[in-house]
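Step one of this worksheet: look at the structure below.
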2 protein chains.
Amino acid sequence: MAKIVRKSSSPSSIKGRFDGDFDVIVAGSGVAGLATALFTCWQGNKVLVLEKASELGGTTRKAAFWYWVPNNAAMRAAGTKDLKKDCIRYMARLSRPEVYNAKAANFGVPEWEYSQYEAIYDNASIATETLRKKGALEYRHCDFVPDYWAELPEDKAPKGRVLLPKDARETMSDGGEVAIRTMSAAAKRDGVDIRVNHRVQRVIRNSVGEVVGVEVDNEKGKKLRFFARKAIVFCTGGFTHNVELRKNYLAAPVFGGCAARSNEGDFVFIASALGAQLRNMNYAWMCPIVFEKAIAKDPALIGTFSPSGDSMIYVSKEGRRVANEKLAYNEMAQVFFRWDGARGEYPNLILIAVWDQRSQDHSASDEYGRFIVPPGKDDGHVIKGATIAALSNAIAQRLARYENVSGGLKLAPEFENNLAATVARFNGFAKSGKDADYQRGERQVELLFNGSVAPSPSAPNPTMYPISDTGPYYAALLTGGTLDTKGGPKTNVSGQVLDDQDKPIVGLYGVGNCVASASARAYWAGGATIGPILAFCHLAADAVHKERKKRAI
Amino acid sequence: MAKIVRKSSSPSSIKGRFDGDFDVIVAGSGVAGLATALFTCWQGNKVLVLEKASELGGTTRKAAFWYWVPNNAAMRAAGTKDLKKDCIRYMARLSRPEVYNAKAANFGVPEWEYSQYEAIYDNASIATETLRKKGALEYRHCDFVPDYWAELPEDKAPKGRVLLPKDARETMSDGGEVAIRTMSAAAKRDGVDIRVNHRVQRVIRNSVGEVVGVEVDNEKGKKLRFFARKAIVFCTGGFTHNVELRKNYLAAPVFGGCAARSNEGDFVFIASALGAQLRNMNYAWMCPIVFEKAIAKDPALIGTFSPSGDSMIYVSKEGRRVANEKLAYNEMAQVFFRWDGARGEYPNLILIAVWDQRSQDHSASDEYGRFIVPPGKDDGHVIKGATIAALSNAIAQRLARYENVSGGLKLAPEFENNLAATVARFNGFAKSGKDADYQRGERQVELLFNGSVAPSPSAPNPTMYPISDTGPYYAALLTGGTLDTKGGPKTNVSGQVLDDQDKPIVGLYGVGNCVASASARAYWAGGATIGPILAFCHLAADAVHKERKKRAI
């Protein structure tokens, strides 16, 4: 399939014929696009969904699709308290720690952020229940899953907010496929017109400047024009795969990420051309990723949510541990981007996971982006050595392949010696169960993602076991990546895109990773992407439904 | 003076009368604005300069105005080699270390960056000599000043690139005032029309969409419209004082910065409304700053370029050193923003400089943003204590004043004990002359900014001397800040602002901190702001001069 290239985002004029007319046009078919389309069509609107890629589902299809829904129906049924003020406090504390003020009415965050947190709390459960009742997305309650910051005193409901598509497998890894299947089936059942291989290039404005349509290129290179009486809702994802945008906006020099390959920041261009403000452009939903898969632009790349293995450590090019390997993925990812202001380099840009046969035998899996994979699975990224010396040598050779794209990153001469010392020190921690350097395994989220380990001999801390004195040894190159970005046009809680005076651009909406998230750098919990997105889909659908019909002149 | 507030940046139509017409209109009167105006007027154009503030000079007036000019005339006269390829290599190595490739023709950086480095090398000296010959800016050669990364093997001309306004004082701190004086005098002499208290709100486009003028509000609230036959050049500085832009674009959660208070990112809005691409929005020219001055929005705030004092250390809220205090300022600033992914906080957001009577007596100065100031100077930011215990207590009290704006940052319970241990460890390093933790004083730039120290007793390392066992002790709260930001609309080397297809927006130019810098995060040397800016002013003036005259319909 030839890629449909991006062309000018400059808005087009109303003059010219149309290839179809609808009440509402939705661009994108991940969870945001499908949920918005469903809510909108259930209100009686004629809806068109345009998907750039050749299959439905965008990034959502690759996701586990946990969804974080504060004060959800299952919590309420179980009597688990999740008060609004407390939930907003938790979001504010993590999103803007530098100005968080426990005593202030708004917790120190600006009105925009506060209103977004409030909208999430008030609407995520409503959206969730609506989807469930309509048979578009049934769920099961993951009441054992903790928030990623469950230990913070500000988290008053540390477990219970996470839901999962009902038919997802026991390991909870395929929720995205299930959700896209059930949601798109409901959309088709209920009359939503869905077209793949249609890339929205720009919007069409009528003579008074209202957004009333889109111009699209399809896979045959044909330009199509669609009219939308009420509104256009963009749900086109972030800019993970636009190198220029990544480099010029993100706080971290990432090599790539896990979003659908079609997430190229289209809405940044399209909305900017209409005078939209951009917000939260500096942050992304982040995760460690396998460096070689990112460089290869592997469309199947999944974030290393689960840094599995107990007899496993990450070391730097100096052969030293630099962080708690089991840190929640969004936080671990940021370790790769620490800047060394004395040497003028990112010393951790690639870290090396090292493990032994125990972890290979007992912690391998092809789910949750694990780098320790079972026999028979693609292990092109795994480096092997019979001894620490042989492994070090093999790592050096592997890094040499990439020196043209990694800033010349190579092992320090003392790598092998340091690695031996690092293993010895780690093994001491593993025996005692206490990681005196990085406190590995002391938080709930670390156990959640620890994966399976050898049942015997067991260890005082299930995240750590001494690395064997004898080989074989294994290694993989890791870096930090995006799941997707979280910046884009600023919207109000109804999803209306705002101009530089905070006034809505009439007819233009956005939901999901294509618009600005008020979470700033925070990753509140598993599903903190999708749960809030559902709230905003519901709000946008309500607002779009109430839009007056616009004139095509 | 009432502030002239920003209004909509949406472009205005050509319809309506004009209050003046010019060949070229320049917005902003810092070094970029004045140099562009001068170069342009010397080519025979009728030029108007519009300055938003009530005085000329913008951020430049506050600067030392070192200017970094590769292969400058003084170097050539002295026989100091500075080859083009080597100089570009140095810029590329520091600006994009994550992709720098020593073997590639373009050193691994994209074409846009490479073309910008090339333009700097080729034009900074031409611009400098033109200004000198015309009597607008004479200079002296600071051949003893090293680049900030003089020790890197990629720096083949580690000294010699820095120039300074000829009449700047011996300490080189008042170059900005001198330069603004001589440049604005030349501009007036040569017929440039300069108006202060005129805020450009938006551009005016003619019927074919070309940028042909500006709408301005003056201090009386009157709207004025000026026509520009050839072009508008924006030189309006960065977005240091726009909290929203800072928060949503910068990689670091800064509290403020040192740019002129009028640097509020106007050009981000004005150019975005025309479909410009934004680039390098994540990075800034950074420097440690005195936290309390930043919070007070002190318009006289100067970056702590010189972290003076030998018996002086920075400690965290835990009472521990976390970095080499003498690191080049742009690098030290970034230490404040390290993220702790286990605790969900910025543990270094405020660091505490601690010094004793020796440093107070011998390292005080009111230049280069020093926090150790002489008697009689404003020392409202200085915290005092007769003993370490008393000082610790006073620091805790001072921090408590700010807990509503600092994310509640407070001293750890173990601060006082840790501080005593930290002082003891530092004192050992000072005695031996070797800082085993952070290598303080081992690089040339650290000596350049060390400031004066007590001549006797002397120490093996002039940046370190044991902190006294007896009080009094002094402290100051520091954070990281911007000198100014370095993101904005993308331009080509002629200063033309580019749309989303990399095509120039006809009639619209930008130079200086209001447009995107290809330096990314790097601060190549002292004067790495102003030297390159002069190159781009010269190039923009050439391009603007050649613009055809546009129609006012």
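The values are calculated or read from the model by the stated rules, or taken from the named source; none is laboratory data. Small disclaimer: the values here were computed from a predicted structure and weren't measured. Positions of Cβ are backbone-derived with ideal geometry, glycine not excepted, and every protein chain shown enters the neighbour counts. The protein model used for the area step is the full one, side chains on, heavy atoms only, and it has no ligands, DNA or RNA in it. Shrake-Rupley method; radii C 1.70, N 1.55, O 1.52, S 1.80 Å.
Some observations on this one:
- Among B:Asn280, B:Ile270, B:Trp149 the positive-end extreme of the charge dipole of the range B:138-284 (Cβ point charges): B:Ile270
- Of A:Ser363, A:Tyr114, B:Gly481, farthest towards positive along the dipole that unit charges on Lys, Arg, Asp, Glu beta carbons give the protein assembly as shown: A:Tyr114
- Extension gain, A:Ala412 to A:Lys7: 0.36 nm times the residue separation minus the Cα-Cα distance gives 141.3 nm.
- Remark: the range B:486-494, residue by residue, has Karplus-estimated 3J(HN,Hα) of 10, x, x, x, 6, 10, 8, 5, 8 Hz, where x stands for each Gly or Pro and the curve is 6.51 cos²θ - 1.76 cosθ + 1.60 at θ = phi - 60°.
- Ellipsoid semi-axes for the range B:242-289, based on the Cα gyration tensor and the rule √(5λ), read 20, 12, 9 Å when sorted largest first.
- The value of relative contact order for the range A:133-177, using C-alpha pairs under 8 Å at least six residues apart, is 38 percent.
- At the residue level, A:His545 shows approximately 60 square angstrom of accessible surface with a 1.4 angstrom probe and all protein chains present.
- Axis-nearest residue in chain B [Cβ, rotation onto A], distance in whole Å: B:Ala251, 2
- Counting only heavy atoms of the protein chains and using a 1.4 Å probe, A:Leu478 has close to 0 Å² of accessible surface.
- Order of exposure, largest accessible area first, which applies to B:Ser406, B:Ser207 with probe 1.4 Å: B:Ser207, B:Ser406
- Over all Cα atoms in the range B:167-229, the spread is summed up by Rg and Dmax: 16.9, 54 Å.
- Theoretical FRET efficiency, 1/(1+(r/R0)^6), r = Cβ-Cβ of B:Lys81 and B:Glu151, R0 25 Å, to 0.05: 0.85
- Diffusion constant of the range B:45-94 at 37 °C, which comes from Stokes-Einstein with the Kirkwood Cα-pair radius and 0.692 mPa s, µm²/s: 226
- For A:Thr182, neighbours were defined as the other residues whose beta-carbon sits under 14 Å from its Cβ, and their charges (Lys and Arg +1, Asp and Glu -1) total +4.
- Solvent exposure ordering (accessible area, 1.4 Å, most first) of A:Glu446, B:Glu547: B:Glu547, A:Glu446
- In degrees, nearest ten, helix A:530-546 long axis to first principal axis of chain A (Cα): 10
- Cα-based helix-to-principal-axis angle, A:388-401 vs chain A, degrees rounded to 10: 30
- Measure of compaction for the protein assembly as shown (Cα Rg per 2.2 N^0.38 Å): 0.93
- Here the Karplus relation 6.51 cos²θ - 1.76 cosθ + 1.60, evaluated at θ = phi - 60°, turns the backbone of the range A:32-40 into coupling constants of 5, x, 5, 5, 5, 4, 5, 4, 6 Hz, with x for every Gly and Pro.
- Surface calculation, 1.4 Å probe, protein heavy atoms: B:Arg89 sits at approximately 50 Å² accessible.
- Label separation (A:Thr387 vs B:Ala73): 6.6 nm, computed from points 7 Å beyond Cα along the C-beta direction.
- Derived scalar couplings between HN and Hα for the range B:436-447 equal 5, 8, 10, 6, 5, x, 8, 10, 4, 4, 6, 6 Hz in order, rounded to whole Hz, by the Karplus curve 6.51 cos²θ - 1.76 cosθ + 1.60 (θ = phi - 60°), x for Gly and Pro.
- Label point of A:Ser115 (7 Å along Cα→beta-carbon): distances to the other copies' equivalent points are 4.1 nm, sorted ascending.
- 5 angstrom amide H check on A:Ser12, placed H, neighbours 5+ away: A:Val203, A:Ile204, A:Arg205
- The calculated FRET efficiency for the pair A:Lys166 and B:Gln501, based on their C-beta separation and a Förster distance of 41 Å, comes to about 0.35.
- Two-site FRET efficiency, B:Lys15 against A:Glu111, from Cβ-Cβ distance with R₀ of 30 Å, rounded to 0.05: 0.25
- Inter-centroid distance (Cα atoms) of the range A:316-391 relative to the range B:436-505, Å: 33
- Percent RCO, i.e. relative contact order, over the range A:59-206, from Cα pairs under 8 Å lying at least 6 residues apart: 33
- Taking amide hydrogens as placed 1.01 Å from N in the peptide plane, the amide H of B:Val506 sits under 5 Å from those of B:Val211, each at least 5 positions away in sequence or on another chain.
- When A:Thr36, B:Thr236 are compared by accessible area of protein heavy atoms, the largest-first order is B:Thr236, A:Thr36, using a 1.4 Å probe.
- Charge-dipole axis of chain B as Lys and Arg at +1 and Asp and Glu at -1 on Cβ define it, positive-most pick from B:Leu224, B:Val208, B:Val290: B:Val208
- Sequence-separation-based contact order of the range B:462-553, relative, with Cα cut under 8 Å and 6+ spacing, percent: 26
- The sum of -39500 (n - 2.57) across all DSSP H runs of n ≥ 4, divided by the residue count of the protein assembly as shown, sets its helix-only mean residue ellipticity at 222 nm to -8500 deg cm²/dmol.
- Between helix B:175-189 and chain B there is an angle of about 20 degrees, using the helix long axis and the longest principal axis of the Cα atoms.
- Given +1 at the Cβ of Lys and Arg, -1 at the Cβ of Asp and Glu and no other charges, the dipole of the protein assembly as shown around its Cα centre is 3380 debye to the nearest 20.
- Backbone amide hydrogens, once placed in the peptide plane, bring A:Val315 within less than 5 Å of A:Ile352, A:Ala353, A:Val354, excluding anything fewer than 5 places away on its chain.
- Average projected area [Cα convex hull, the range B:253-327], square nanometres: 6.8
- Position A:Asp190, label points 7 Å along Cα→Cβ, spacing to each other copy in nm (shortest first, one decimal): 6.8
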